[in-house]
Amino acid sequence: MRTTKTGSIFIISAASGTGKTTLVSRVIANHPEIRVSISHTTRAPRGGEIAGQHYHFIDPNKFEQLIDEGAFLEYAMVYGNYYGTSIEGVKMLQENGFDVILEIDVQGAEQVRRCLPEAVSIFILPPSFQILAERLRSRGTDEPEIIEKRLNKARSEIEQSLLFDYVVINDDLVQAEMDLVHIIKSHSLTQSKQQRFIENLLENS
């Protein structure tokens, strides 16, 4: 008989405009055993975003209080706003058997890899830099100067993909979703993740 597993942590990062959020949304919508950790942020909600579903929206003073309390697994200041991953939130999902996606930038990914070396890191790449620029401009959510900053930063972010365990190219959204799910599923079959089942099997042999 299978015992309840402790979920794994999957870091997913990408340069802005790569389609990371859309890709992760598809994965969690189609695979209820996978959850995304809901980050805290001090930025204002964008159109259609719901508090507690897309982000926990809090003011800068509250965010800094949580930093002082050691409440974040990682946090960063991005374009003038704080973003952070709650330790308690991630731990609760893991203990309930869910595999947990941390949808974070490369700076946050480095922090998580340092304190949780067992986490699996996945970088989402665009099919080309030109397509990345087109995606950013077509979103219509940022001012032109912010878009230029994101494009300037994208090359250095993409260079960080060399530090990740896996790379998924988001050219075709359906294929990219399949690739991402295959990585998550295959990790659950490693010997270390099956150790509890093996021990129970031997005990009851």
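Scan (1) closer than 30 Å to ASN81 by Cα; (2) free of Cβ contacts under 8 Å to residues at least 60 places away in the same chain for the single condition GLN175 breaks and write down its number. The one condition GLN175 does not meet is (1). Candidates in the range 149-205 are the residues that are closer than 24 Å to THR6 by Cβ, touching a strand residue (DSSP E or B) at 6+ places or on another chain (Cβ under 7 Å) and not in a loop (DSSP other than H, G, I, E, B); of these, the one that is modelled with the lowest pLDDT is HIS187. β-branched (Val, Ile, Thr), surrounded by 15 or more Cβ atoms within 10 Å (Cβ to Cβ) and either free of Cβ contacts under 8 Å to residues at least 24 places away in the same chain or under 25 Å from SER188 (Cβ atoms) (or both), is that true of ILE58? Yes.
Return the residues of the range 172-193 that are more than 16 Å from GLU118 (Cα to Cα) and out of contact with any Ser or Thr (no Cβ under 9 Å at 6 or more places or on another chain); say none if nothing qualifies.
Taking the range 172-193 as the starting set, the residues that turn out to be more than 16 Å from GLU118 (Cα to Cα) are 172-182.
Those that are more than 16 Å from GLU118 (Cα to Cα) and out of contact with any Ser or Thr (no Cβ under 9 Å at 6 or more places or on another chain): ASP172, VAL174, GLN175, ALA176, GLU177, MET178, ASP179, LEU180, VAL181, HIS182.
For the range 100-118, the set of residues classified as outside any helix (DSSP H, G or I), surrounded by 14 or more Cβ atoms within 10 Å (Cβ to Cβ) and modelled with pLDDT under 95 consists of GLU103, ILE104, ASP105, LEU116, listed by residue number. For the range 14-34, the set of residues classified as at pLDDT 90 or above, buried (at least 20 other Cβ atoms within 10 Å of the Cβ) and not β-branched (Val, Ile, Thr) consists of ALA14, LYS20, LEU23, listed by residue number. GLU49 meets the stated requirement of being at pLDDT below 95, charged (D, E, K, R) and touching a strand residue (DSSP E or B) at 6+ places or on another chain (Cβ under 7 Å). Cβ-Cβ distances below 7 Å connect the following pairs, each with a first residue in the range 80-101 that is among the acidic types (Asp, Glu), a second residue that is surrounded by 15 or more Cβ atoms within 10 Å (Cβ to Cβ) and in a helix (DSSP H, G or I), and a separation of six or more residues or different chains: ASP99/ILE184. Residues that are touching a Ser or Thr at 6+ places or on another chain (Cβ under 7 Å) and either surrounded by fewer than 16 Cβ atoms within 10 Å (Cβ to Cβ) or assigned to a loop (DSSP other than H, G, I, E, B) (or both) within the range 119-148 comprise just one, PRO126. For the range 16-54, a tally of residues being under 28 Å from GLU159 (Cα atoms), free of Cβ contacts under 8 Å to residues at least 60 places away in the same chain and not in a loop (DSSP other than H, G, I, E, B) returns 3. Hey, does the range 85-98 have a residue that's closer than 25 Å to PHE57 by Cα, of a type in the set (Lys, Arg) and either part of a helix (DSSP H, G or I) or under 17 Å from the mean Cα position of the chain (by Cα) (or both)? Within the range 85-98, one or more residues are closer than 25 Å to PHE57 by Cα, of a type in the set (Lys, Arg) and either part of a helix (DSSP H, G or I) or under 17 Å from the mean Cα position of the chain (by Cα) (or both).
The values are calculated or read from the model by the stated rules, or taken from the named source; none is laboratory data. From a predicted model like this one, the values you see are computed outputs, not experimental measurements. Cβ coordinates were reconstructed from backbone atoms using ideal geometry, including for glycine residues, and neighbour counts include every protein chain displayed.
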